[in-house]
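The values are calculated or read from the model by the stated rules, or taken from the named source; none is laboratory data. Everything numeric in this text was worked out from a predicted model, so none of it was measured. Note that we place each Cβ from the backbone using ideal geometry, even for glycine, and neighbour counts take in every protein chain shown.
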């Protein structure tokens, strides 16, 4: 049993590492890395930190030396024997040998590639460049380090008792959320909160609370290390990174339009079952589904990660119906901006009409809102994205204007190719 | 910094002592013991545990062996050198050398006298008999042991995470109470919660929270050990025990009627200043004040420990006025059944009219109401009282029918002598 307040207060280790294992990352990173390592090991990508919350002056809050120590520490990590055993021997979604011997060999020899860190004004420029399978592994640990260093920067000035009360309140809040979720009898929910977590220990505690409070309703966690240690399911499928890079590598607009489906063709070959969950919003959900090849209707489900989630879900349900599929056999995973009220609302709206899953992120593992002076621990929007592939810029549109990224001229071109007048928050029901 | 949940869960010591020091008792016990040891060391008294909450089957909840281990452990305790130094060297209410060398000599050689423990149905009969100054020292530790063994009995079946959530909720609750009390700018409040505390560590945490949250508004604690360790004021004056025993020792009804004032005459000789606070309700506040000798009007204040507190306070104010005293120079200490709402209400009613002090007990150090299944940690009413003195039964009437105790015929006699038609919850305003 961990005394969170004490651990935060003491900081007895030399650098008190934030990321202690290469498995302290999201499961879908490993699934994607396996595909990428097999198919695209020669692609060179650049990943970059992007702080969407410009009002959070990360370089003012976080000491550059401390940040470098944390990142350098991550570069020393290699898989332990027990971790390799878990990857080899565990079943994921009931499937044995999810990872090929070739991928495990690669991962056993893996160390994080170099990073580039520079302070620009009150923000950090943090980029990673190199072979795609190597560089992509930085995303989650880099975010986790920045999030936790920011937490520590705020907590450093608090007294012992203040810290105890802070964690007591945060625990009480999480537990009350879990008690509210118990009202939903067939809920299926997972922790997706690694990248925006308050801290590793806190994410781990939130998982312990979900296990104890929700029992079978808790599906597991996206965090491999926590899944291993707490013996719960590792959860995840794929992310925007794949269509973004595939799109950037397209030779022309025709190839660009086809790229999101090439991603899923490859995925279809590499994985099946619960891993066949499409993420349709990278360049707008509406066009994606309208142009989808026929075989995609057989996929297990869809993940809704931007735009109004109910609108997106209704759209998907109607799409399945139009293809002659029974939506009650299909899975919808909601994973954007969830908290108890939204989960309950979506559950009530869709329960019985489709299979439902919830990927609960920031407001599970980092809800310290209004618990400190000036709300200094309010969560904020930090991402780490592929911004270039083989020298070409990447683009993301999504169903939410605020989540769009890429150079303006490329965004304009993508909008033409994907027939987006504007991002599809107003997506019409088919 | 203590991880309460962990300590509760682990129990690594042999018996995990509940009372670790002879100073883990209320300060007024020492003040009273000094008077008793000087004046009445030949009086033989019997103290007895009385569980007013018959629905709490203490003997079902608490193992007799464990209870004996705890009581036996207390009998091994003697003052440490540092504790003696504190008693000798500390100032109490600004006064040096509060304790005489004779008393400190006695206390340095002191060990707890034997106890008699017997299970009767689902309750324990726990009594202590012997010289008054020796036996009286059992009251607070005996209660603390029973309260904490009951807490442990309930907590023993809880998992680690359940315990963490329980303490997180209880901490959040205490802290929110303290935040509410911060609204009262000139509040003066003390911890009076030793005897009914959830546990020693919890009482200590509550004190840390009061220190941090209330600053100067927190006067200190009745618990000597916590006062010593946390370097806050030890708080207290005197209790019903004195008038009860003095009354029992009275030769006739005339002496009986005079006995409460003889207590205060002795006290007046032994102490002054903030220690001259009368406790008027032992045999009914109304008669006590009506018959009070003139010199009592000069005392510093009054403690209101039963009956409706606002009624009692108004009664005292009017009594001072009728004696030509300015109530604004007088102190009223409320110490019965307080929680934030009641404190706020009394503060608002009396602030500016008298000096106010609050002695906050059970609902500071043991408010785990509704935090466990079946409310198994709800506080309950356990006392340890002098029931006989030199073979004579004691009586307490108080301003609250439920708190009366003693043999029926003696209660009837006392009511005649103290002119009580009934307990004076309906005490008229003078």
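Going through (1) without any contact (Cβ under 8 Å) to a residue 60 or more places away in the chain; (2) crowded, with 18+ Cβ neighbours inside 10 Å one by one, residue A:235 falls short only on (1). Pull up region A:150-190, narrow it to residues that are within 14 Å of chain B (Cβ to nearest Cβ) and outside any helix (DSSP H, G or I), then point me to the one that is modelled with the highest pLDDT. In this case the residue turns out to be A:182. Mind telling me which of the residues A:280, A:293 ends up being at pLDDT 95 or above and surrounded by fewer than 21 Cβ atoms within 10 Å (Cβ to Cβ)? Being at pLDDT 95 or above and surrounded by fewer than 21 Cβ atoms within 10 Å (Cβ to Cβ) holds for just one of A:280, A:293, which is A:293. Taken over region B:38-58, the residue count meeting the criterion of being surrounded by fewer than 21 Cβ atoms within 10 Å (Cβ to Cβ), outside any loop (DSSP other than H, G, I, E, B) and in contact with a helix residue (DSSP H, G or I) (Cβ under 9 Å, 6 or more places away or on another chain) is 5.
The criterion of being at pLDDT 95 or above and farther than 21 Å from residue B:28 by Cα holds for residue B:329.
Among the residues of region B:89-97, are any modelled with pLDDT of 95 or more, more than 17 Å from residue B:223 (Cβ to Cβ), more than 14 Å from chain A (Cβ to nearest Cβ) and surrounded by fewer than 17 Cβ atoms within 10 Å (Cβ to Cβ)? Step through it out loud before you land on a result.
In the first step, residues of region B:89-97 are kept if they are modelled with pLDDT of 95 or more; the result is none.
Taking every residue of region B:89-97 in turn, none turns out to be modelled with pLDDT of 95 or more, more than 17 Å from residue B:223 (Cβ to Cβ), more than 14 Å from chain A (Cβ to nearest Cβ) and surrounded by fewer than 17 Cβ atoms within 10 Å (Cβ to Cβ).
Taking region B:193-218 as the range and being farther than 26 Å from residue B:382 by Cα and more than 14 Å from chain A (Cβ to nearest Cβ) as the test, the residues that pass are B:216, B:217.
Here B:377, B:338 are screened, and the one residue that is under 18 Å from the mean Cα position of the chain (by Cα) and in a loop (DSSP other than H, G, I, E, B) is B:338. Under the condition of being farther than 23 Å from residue B:149 by Cα and not in a helix (DSSP H, G or I), the residues counted in region B:191-222 number 3.
Residue check: residue B:269 meets all listed conditions (1) touching a helix residue (DSSP H, G or I) at 6+ places or on another chain (Cβ under 8 Å); (2) free of Cβ contacts under 8 Å to residues at least 12 places away in the same chain; (3) over 16 Å from residue B:411 (Cα atoms) but one, namely (1). Of the listed requirements (1) at pLDDT below 95; (2) under 23 Å from residue A:337 (Cα atoms); (3) out of contact with any helix residue (DSSP H, G or I) (no Cβ under 7 Å at 6 or more places or on another chain), residue A:286 misses just one: (3).
So which of A:254, A:240 ends up being surrounded by fewer than 19 Cβ atoms within 10 Å (Cβ to Cβ) and at pLDDT 95 or above?
A:254
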